[in-house]
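Encoded as structure tokens, the structure appears first; notes follow it.
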Amino acid sequence: MKLGAYTACLHDHTLAEALDVLRANGLTSAEVNSGGFLPAPHCPVDLLLSSATARREYLAEFAERGMELTALNCNGNPLNPLPGVGPKHAEDLRRSIRLAGQLGVRHVVTMSGTPGSDPDAKYPSWVVNPWDGVYLDVLDYQWDVAAEFWNEIDALARENGVRVAIEMHPHNLAFSPVTLKRLVDETGATNLGAEMDPSHLMWQGMDVVECIRWLGPLVFHAAAKDATLCPGADVRGVLDTSFTRVPAGAPGRVPTGIGHWCSAWPEDPAWKFVAVGLGHDTAYWTGFLRALAEVDPEIAVNIEHEDAAYSQTEGLALAAKNLHAAARGL
């Protein structure tokens, strides 16, 4: 098993500086952003696609620190009907797959995406509970759109010797093991599977270890990211929509797509992301790692730090400490 981190939390560091932070925390696996929602400060995609020399020098930065580049991350919404978002994210994903093949990186992490509700829709539409039959009509349309796109992506991944690991993230068509399996089944995919990020499954109330065992060999790659329910859940529930807009120019404003930004959470949220070990104890994380090892003993598990209570390096260090402690229990 390879323990590492996704470097997006160190976006204001150079690649060399980010890798040194990971190495200082005893981590040997790295995952870098290559497009989609976020910029790619640690992966010059154009240069790397165009130059074999640049690719050798790039990989050498990892190797000389005893680290391995285990995934490119291209999280976005490639099915978004907005003309400035969906096509760009889709093309970023294609380029990421081609680059991963050229770099010898086995996995590209992404999201399934969400189309609009119908062919004329302007915005993506996420159906949560289709008790009204009209929403089943919406889902039928969306699954048709998704199947066509992901058939193409599966073929491209196969052609490049890459596996695409889909994060089961709410606001996406594939947001659970059941919907992830449906995507694989409907496309007959050979190179599509899951990136097992437990945090979103946690706040949805799922048994993460059972999810891993249920998906089995479809679990390609993993994130170490914790979440916890908060007292606000008593009256908000986990599907709360009472977020607010973040003013333009505000510190820490984070893009979610071209021209769109992350919203501000309520002061008493129903749930939140926390550093590994703060939402679930060491024994829980040992069980998580054990279940992953049953699927693939060589799987990469990369920390994704999004705990706003800690700085970039403090949160990463705390997560690494707790993840190492969990690994010692295997």
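The values are calculated or read from the model by the stated rules, or taken from the named source; none is laboratory data. What you see is a predicted model; the values in this text were computed from it and never measured. Positions of Cβ are generated from backbone atoms using ideal geometry, with glycine treated the same way; all protein chains shown enter the neighbour counts.
Taking the stretch 163-198 as the range and being within 16 Å of Ile153 (Cα to Cα) and small (Gly, Ala, Ser) as the test, the residues that pass are Ala165, Ala174, Gly188, Ala189, Gly193, Ala194. Number of residues in the stretch 309-330 that are assigned to a loop (DSSP other than H, G, I, E, B) and closer than 18 Å to His13 by Cα: the value is 2.
Evaluate the following for Gly188: is it of a type in the set (Gly, Ala, Ser), within 21 Å of Tyr6 (Cβ to Cβ), modelled with pLDDT of 95 or more and in contact with a helix residue (DSSP H, G or I) (Cβ under 9 Å, 6 or more places away or on another chain)? Here the answer is no, as Gly188 does not meet what is asked. Pairing each residue of the stretch 178-189 that is touching a residue at least 12 places away in the same chain (Cβ under 8 Å) and surrounded by fewer than 19 Cβ atoms within 10 Å (Cβ to Cβ) with any residue that is part of a helix (DSSP H, G or I) and among the aromatic types (Phe, Trp, Tyr), provided the two are 6+ apart or on different chains, yields C-beta distances under 7 Å for Glu186/Trp143.
Among the residues of the stretch 116-134, are any outside any loop (DSSP other than H, G, I, E, B), modelled with pLDDT of 95 or more, of a type outside the set (Lys, Arg) and within 20 Å of Phe220 (Cβ to Cβ)? No: the stretch 116-134 contains no residue that is outside any loop (DSSP other than H, G, I, E, B), modelled with pLDDT of 95 or more, of a type outside the set (Lys, Arg) and within 20 Å of Phe220 (Cβ to Cβ). In the stretch 261-288, the residue that is nearest to Leu201 (Cα to Cα) out of those that are free of Cβ contacts under 8 Å to residues at least 60 places away in the same chain and either assigned to a strand (DSSP E or B) or aliphatic (A, V, I, L, M) (or both) is Lys272. A residue that is part of a loop (DSSP other than H, G, I, E, B) and touching a Lys or Arg at 6+ places or on another chain (Cβ under 7 Å) can be found somewhere in the stretch 197-220.
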